[in-house]
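Please read the structure below before turning to the comments.
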Amino acid sequence: MLRLIEENLVRQNKAMLLMYFLLEEEFSRLTQLKPQSVSQVELSIQELMRQVAGERHSLRRMLVRVEPSAKRVRDLYPGLERETADGLRELLARLDEIEQRCAIQAAKNHQMAMALFDQSKGLLTFMHNQIKPKNTNAYGRTGRFAKGINDARLLSGRL
């Protein structure tokens with residue numbers, strides 16, 4: 001069972017390393033202003049995150065089988081041989097490092113995406129304000145010049 005736990009941690013390490021490369025690729029495509037290719041990478045990232053979550057649930061189930069009171073891999077250290085515990089510590093340290101790098105890269109991607117969103121939103125607002133009529137003397141829905149009602153009336157029209 002310990003071998004399965006170790007294999008699970010190795011798979012998680014590889015998945016997180018792939019996640020980091022995908023996040024870097026997403027940032028690259030954001031800087032190149034390629035929205036279609038960014039969404040393709042984003043879908044790959046989401047699928048990889050789903051798989052990593054599945055691996056973590058599987059790891060928790062294995063931990064409970066080895067030690068019913070264990071909630072984390074670190075809870076197994078006291079009952080393991082020194083070599084095995086050191087190997088698990090090393091895998092967890094690498095996993096933590098890669099997760100930190102992924103978090104930093106994801107924050108950069110988020111900032112870049114929000115900056116591009118704000119830029120696009122500002123440009124659309126500017127264009128909308130330029131198109132909008134400046135005064136109320138404009139054409140109405142029938143295509144004729146709309147005249148505003150100048151004085152108060154109860155009835156308007158022909159008798």
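Looking at R11, is it assigned to a helix (DSSP H, G or I), out of contact with any His (no Cβ under 7 Å at 6 or more places or on another chain) and either farther than 17 Å from I98 by Cβ or hydrophobic (A, V, I, L, M, F, W, C) (or both)? Against the criterion (assigned to a helix (DSSP H, G or I), out of contact with any His (no Cβ under 7 Å at 6 or more places or on another chain) and either farther than 17 Å from I98 by Cβ or hydrophobic (A, V, I, L, M, F, W, C) (or both)), R11 does not qualify.
Could you list all residues from the stretch 18-29 that are more than 13 Å from the chain's Cα centre (by Cα) and of a type in the set (A, V, I, L, M, F, W, C)? Matches in the stretch 18-29: L18, F21.
Taking every residue in the stretch 37-65 that is among the polar types (S, T, N, Q) and pairing it with any residue that is at pLDDT 95 or above and open to solvent by less than 60 Å² (accessible area, probe 1.4 Å), at least 6 positions away or on another chain, the pairs with Cβ-Cβ distances below 6 Å are S44/L22. Being surrounded by 14 or more Cβ atoms within 10 Å (Cβ to Cβ) and assigned to a helix (DSSP H, G or I) is the filter here; which residues of the stretch 61-81 pass it? M62, L63, V66, V73, L76, Y77 - these are the residues of the stretch 61-81 that are surrounded by 14 or more Cβ atoms within 10 Å (Cβ to Cβ) and assigned to a helix (DSSP H, G or I).
The values are calculated or read from the model by the stated rules, or taken from the named source; none is laboratory data. Just so we're clear, the structure is a prediction, and the values are computed from it rather than from any experiment. Virtual Cβ from ideal backbone geometry, glycine too; neighbours counted across all protein chains shown. The area values use the complete protein model at the heavy-atom level, side chains included, leaving out ligands, DNA and RNA. Shrake-Rupley method; radii C 1.70, N 1.55, O 1.52, S 1.80 Å.
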